[in-house]
């Protein structure tokens, strides 16, 4: 079974003939660079999505902590979006409240869990899809002078 090289390469050989020396240069270029660029962009996109989720959960924690009016359009919007993502953590811990102010400890735990999930997904993508970068230039010279 032939071995499969994980790196796609393109090779170019340039021969320069001078009166005294013949120089051969071999250029090896990594063709998989565009794949790595796509991987960078995908990682950034996943980070952006999870960052937006983390930000919304953080705003929710702040709104609950200051006792924001749940009937307000902005607060209602934030609560409705984050409810879906906080559902798995509902009832995980007690929720301390004083007056109208509430500290949602389960939301803080959710932020930590979602940050770990984002990190794990990005790391998994890199483990599965990353191809190392390779670029080599080799120069060979042959003396063409006549020796007596």
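The values are calculated or read from the model by the stated rules, or taken from the named source; none is laboratory data. These figures come from a predicted structure and were not determined experimentally. As a convention, Cβ positions derive from the backbone with ideal geometry for all residues, glycine included, and neighbour counts pool all protein chains shown.
For the range 84-117, the set of residues classified as surrounded by fewer than 16 Cβ atoms within 10 Å (Cβ to Cβ) and in a strand (DSSP E or B) consists of 97, 98, 101, listed by residue number. Could you grab me the full set of residues in the range 59-83 that are within 31 Å of the chain's Cα centre (by Cα) and closer than 17 Å to residue 106 by Cα? Those that are within 31 Å of the chain's Cα centre (by Cα) and closer than 17 Å to residue 106 by Cα: 59, 60, 61, 62, 63, 78, 79, 80, 81, 82, 83. Are any residues in the range 65-83 modelled with pLDDT under 95 and surrounded by 16 or more Cβ atoms within 10 Å (Cβ to Cβ), and if so, which ones? Listed by number, the list holds a single entry, 68. Do we find that residue 120 is loosely packed, with under 11 Cβ neighbours inside 10 Å, without any contact (Cβ under 8 Å) to a residue 12 or more places away in the chain, out of contact with any strand residue (DSSP E or B) (no Cβ under 8 Å at 6 or more places or on another chain) and not in a helix (DSSP H, G or I) in this structure? Spelling it out, it is not the case that residue 120 is loosely packed, with under 11 Cβ neighbours inside 10 Å, without any contact (Cβ under 8 Å) to a residue 12 or more places away in the chain, out of contact with any strand residue (DSSP E or B) (no Cβ under 8 Å at 6 or more places or on another chain) and not in a helix (DSSP H, G or I).
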